[in-house]
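All of the numbers you see were taken from the coordinates with simple rules; none came from a lab. Here the structure is a predicted model, which means the values were calculated and not measured. Positions of Cβ are generated from backbone atoms using ideal geometry, with glycine treated the same way; all protein chains shown enter the neighbour counts.
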């Protein structure tokens, strides 16, 4: 067995810090910016974005309100050298995550590699790195399901290999997980991570299988959240990336999946679950432009049923349909998006028109 550092060539500045599991995904038509090389095999990447929005309307953007919103800025530092196995990945502005570790592989005759990492790790749950989750039909900072950066203190190991044409990826991890403040509280899986001075431990696994342009992910996390209660969270995700050789289909990307989080142990009437799903479809007329439709629903604090509890519906149970056109050239990305948002009860005027500009290096 030989030791070396796996490549972190990235699709974008954010994805440069993706866990090695990102290697399972089919290749994007666009390479991300290379960043700035620093002494000692360090590299600096950044992402900056700002949006103009019309919001607080229902169906007619002229009835909405103007806002300059969603200004975000990140700096990512990586150390990635072929001369030794040790790596470092961190977000520097507010330390959204920081992880260090080492990689190893089986040498030229054994097509496998792995790593071990520790720190405030990016939790390997779902198909994508960083904050690009789609559960509920909303991604990045709009998502209402998981933390924007699903990162917390913990340790993780990753193993990837190939079996004939099949790509296999496995993650195992233990983290500072979720906690509840009392025996009847509803667990919020977006903001409900336990305190560091009284941590609850969660353990999880993720398995990914890839065949050509098709990738399938299964994620699971089990977490004793306190007061004899347990979180059992699962997700299944499928992506199909531009199947070559078929007209029109070779220019399209399809992704879909769902998440369910069950919180049990308190008894009937208090046990509950959250559910969210999504579907998105992209069409690339060329490599620098795509059109996207994404939809999904979220159902929160269900006490009965399988996906939606019709008895306890409120504004937290919602769905979205959003349409976007996105152009990317080098490190610049510009996108125009229209969101139609629907609540299952207590409808809110919260449709959204957004023009987003992003720069990455």
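In nanometres, what is the gap between the two model label sites at residue 36 and residue 162, each 7 Å from Cα along Cα-to-Cβ?
3.7 nm
Highest mean first, how do 162-170, 223-231, 120-128 rank when packing is the count of other Cβ atoms within 10 Å averaged over residues? Mind dumping the intermediate values first?
Numbers: 162-170: 13.3, 223-231: 19.1, 120-128: 23.3.
Put in order of decreasing packing, that is 120-128, 223-231, 162-170.
In which sequence would 71, 178 go, from the one with the fewest C-beta neighbours within 10 Å to the one with the most?
Ordered by Cβ neighbours within 10 Å, fewest first: 71, 178.
For residue 182 paired with residue 281, estimate the spin-label separation in nm (one decimal), with each label point 7 Å from Cα along the Cα-to-Cβ line.
My value for the distance between the label points is 4.8 nm.
Calculate, in nm to one decimal, what residue 321 and residue 88 gain on full extension: separation in residues at 0.36 nm each, minus their alpha carbon distance. Write down the numbers at each step before the final one.
Working: separation 233, 0.36 × 233 = 83.88 nm, distance 3.81 nm.
Computed gain between residue 321 and residue 88 is 80.1 nm.
Ranking 263, 201 by Cβ neighbours within 10 Å, fewest first, what do you get?
Working: 263 25, 201 13.
Ranked by crowding around the Cβ, least crowded first: 201, 263.
Give the span of region 15-360's Cα atoms along each principal axis, as three whole-Å numbers ordered largest to smallest.
Here the Cα extents, ordered largest to smallest, are 59, 50, 41 Å.
Using Cβ contacts closer than 10 Å as the measure, can you line up 264, 299 from fewest to most? Mind dumping the intermediate values first?
Values: 264 14, 299 24.
In increasing order of surrounding Cβ atoms, one gets 264, 299.
Running a GNM on the chain with Cα contacts under 10 Å, which residue among 321, 132, 312 ends up with the highest mean-square fluctuation?
Looking only at 321, 132, 312, the largest GNM fluctuation is found for 312.
What does a probe at residue 343 reach in region 257-285, counting residues whose amide N is under 20 Å from the point 7 Å along Cα→Cβ?
Inside the label zone: 274-277.
Take every Cα pair under 8 Å in region 15-360 that's 6+ residues apart, average their separations, divide by the length, and report that relative contact order as a whole percent.
Numbers: 932 pairs, mean separation 51.3, N = 346.
The value is 15 percent.
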